[in-house]
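Derivation of every value follows stated rules applied to the coordinates shown; laboratory data play no part. Small disclaimer: the values here were computed from a predicted structure and weren't measured. FYI the Cβ positions are ideal-geometry reconstructions off the backbone, even for glycines, and counts take in every protein chain you see.
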Amino acid sequence: METYCDRCGGPSPDGGTGHEGCRAARQLEPPRYCTRCARRMVVQVTPRGWTARCVEHGTLTSA
Ligand SMILES: [Zn+2]
Ligand SMILES: [Zn+2]
């Protein structure tokens, strides 16, 4: 199973090792990359949070 960092798009095979800074930033920011394919997602910030859409894997929301 492939997993990628949702902030920098780099490989993140064991639950985020090496991406501590990314995870900290993600507390405040929407994701930028799909965790399943590392494609850059289309991110929209909404009044209630954000949505992030991967063309292949669909839409994530902050809710
Ligand atoms: Zn990262
Ligand atoms: Zn994807």
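So the values come out like this:
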item	result
Label point distance in nm, Val45-Thr61, each placed 7 Å from Cα along Cα→Cβ	1.9 nm
J(HN,Hα) series, the range 35-41, from Karplus relation 6.51 cos²θ - 1.76 cosθ + 1.60, nearest Hz, glycine and proline x	6, 9, 9, 6, 5, 6, 9
Rotationally averaged projected area of the chain (alpha carbon convex hull; nm²)	4.1 nm²
